[in-house]
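Participant: Quick one: this structure, given as structure tokens, is what I'll be asking you about.
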Amino acid sequence: MRSSALAFLLMVAASLPAAEPFFFVQLADPQFGMFTDNEDFAQETANLEFAVATINRLHPAFVVVSGDMLNRPGDAAQIREYQRIMSRVGPGIPVYALAGNHDIGNAPSPAAIATYTNHFGPDHYTFRHAGLVGIVLNSVIIHTPQQVAPQLAEQERWLQAELQQARQQGTPHIVVFGHHPW
């Protein structure tokens, strides 16, 4: 029984197209304003500039920033500085960001999510790279859904559809990204 299962797995593996190996970089909590309680963000600027220089040197397939780009939700100066530095990521290296509790609040509201999406893009989405489906979730609304139950329900419907599509396409690797662990 074991050898037939192994033979089946080898047959399936042999039928899959070979994919080029790749790596990606995942950052979390650049959190502009954290070190000085929102007085400035000089340290955060230096940290993220170093990270971006390293990203450009390593040239990963993509970058995921797992939330808490800001320390104070909606802070225009913090948003501008984060975006200024991240715009220096080299051409051809996609950057995927996701919402953290410092970006939309510990108990997010529809208005906070709208502010986030206006500056950073969708709060949940899918991206694909070489046999990998990346599913980006707004884990803050999973963690604290009280004010955003309709948004959570919509995200759950969307997630089910994305997982179904990935299965139907035979996607070999599905990675779910969120700020909080599920």
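Participant: Among the residues of region 69-88, are any β-branched (Val, Ile, Thr), under 22 Å from ALA51 (Cα atoms) and over 15 Å from the mean Cα position of the chain (by Cα)? Explain how you work it out, then say what you get.
Facilitator: Of the residues in region 69-88, the ones β-branched (Val, Ile, Thr) are 79, 85.
Then keep just the ones that are under 22 Å from ALA51 (Cα atoms); that gives 79, 85.
Checking the rest, the ones that are also over 15 Å from the mean Cα position of the chain (by Cα) come to 79, 85.
Yes, region 69-88 has at least one match.
Each row is one residue, and each column tells you yes or no for (1) touching a strand residue (DSSP E or B) at 6+ places or on another chain (Cβ under 7 Å); (2) over 26 Å from THR45 (Cβ atoms); (3) not aliphatic (A, V, I, L, M).
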| position | (1), (2), (3) |
| --- | --- |
| PRO73 | no, no, yes |
| TYR82 | yes, no, yes |
| MET86 | yes, no, no |
| VAL95 | yes, no, no |
| ILE104 | no, no, no |
| THR117 | no, no, yes |
| GLY131 | yes, yes, yes |
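Participant: Say we look at region 20-47 and pick out the residues that are touching a Pro at 6+ places or on another chain (Cβ under 8 Å) and part of a helix (DSSP H, G or I); which of these is surrounded by the most Cβ atoms within 10 Å (Cβ to Cβ)?
Facilitator: Start the filter on region 20-47 by keeping residues that are touching a Pro at 6+ places or on another chain (Cβ under 8 Å), which leaves 22-25, 44, 47.
Next, from what is left, pick out any that are part of a helix (DSSP H, G or I): 44, 47.
On the way: GLU44: 24, ASN47: 18.
Out of the qualifying residues, it is GLU44.
Participant: Just for region 142-160: of the residues that are open to solvent by less than 70 Å² (accessible area, probe 1.4 Å) and over 16 Å from GLY100 (Cα atoms), which one is nearest to the chain's Cα centre (by Cα)?
Facilitator: LEU159
Participant: Determine whether ALA76 is modelled with pLDDT of 95 or more and open to solvent by 20 Å² or more (accessible area, probe 1.4 Å).
Facilitator: Here the answer is yes, as ALA76 does meet what is asked.
Participant: Related question: Taking ILE104 as meeting all but one of (1) of a type outside the set (Lys, Arg); (2) within 13 Å of PHE177 (Cα to Cα); (3) open to solvent by less than 20 Å² (accessible area, probe 1.4 Å), write down the number of the exception.
Facilitator: (2)
Participant: Could you grab the pairs with beta carbons closer than 7 Å, sequence gap of 6+ or different chains, first residue in region 154-172 and touching a residue at least 24 places away in the same chain (Cβ under 8 Å), second one open to solvent by less than 70 Å² (accessible area, probe 1.4 Å) and assigned to a helix (DSSP H, G or I)?
Facilitator: Close Cβ pairs (under 7 Å, with a partner that is open to solvent by less than 70 Å² (accessible area, probe 1.4 Å) and assigned to a helix (DSSP H, G or I)) amount to GLN155/ILE141.
Participant: List, please: which pairs have Cβ atoms under 6 Å, are six or more places apart or on different chains, and start with a residue in region 52-76 that is farther than 22 Å from GLY131 by Cα and end with one that is of a type in the set (Lys, Arg) and outside any helix (DSSP H, G or I)?
Facilitator: VAL52/ARG88
Participant: Just one of (1) open to solvent by less than 50 Å² (accessible area, probe 1.4 Å); (2) closer than 20 Å to VAL63 by Cα; (3) hydrophobic (A, V, I, L, M, F, W, C) trips up ALA114, so point out which.
Facilitator: Result: ALA114 fails condition (2) only.
Yes or no, residue by residue, for (1) farther than 28 Å from GLN160 by Cβ; (2) surrounded by fewer than 20 Cβ atoms within 10 Å (Cβ to Cβ):
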{"position": "ASN56", "(1), (2)": "yes, yes"}
{"position": "VAL64", "(1), (2)": "no, no"}
{"position": "ARG80", "(1), (2)": "yes, yes"}
{"position": "VAL95", "(1), (2)": "no, yes"}
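Participant: For region 48-82, give me each residue that is part of a loop (DSSP other than H, G, I, E, B) and closer than 17 Å to ALA28 by Cα. Steps first, please.
Facilitator: Pass one, region 48-82, residues part of a loop (DSSP other than H, G, I, E, B): 59-62, 66-69, 71-75.
Once the filter is applied, which keeps residues that are part of a loop (DSSP other than H, G, I, E, B) and closer than 17 Å to ALA28 by Cα, region 48-82 yields PRO60, PHE62, SER66, GLY67, ASP68, MET69, ASN71, ARG72, PRO73.
Participant: Give region 95-145 a look and list any residue that's of a type in the set (S, T, N, Q) and part of a strand (DSSP E or B), or say none.
Facilitator: THR126
The values are calculated or read from the model by the stated rules, or taken from the named source; none is laboratory data. Values in this document were obtained by computation on a predicted structure and should not be read as measured data. Note that each Cβ is placed from the backbone with ideal geometry, even for glycine, and that neighbours are counted across all protein chains shown. In case anyone asks, the SASA skips ligands and DNA or RNA and just uses the protein heavy atoms, side chains included. Shrake-Rupley method; radii C 1.70, N 1.55, O 1.52, S 1.80 Å.
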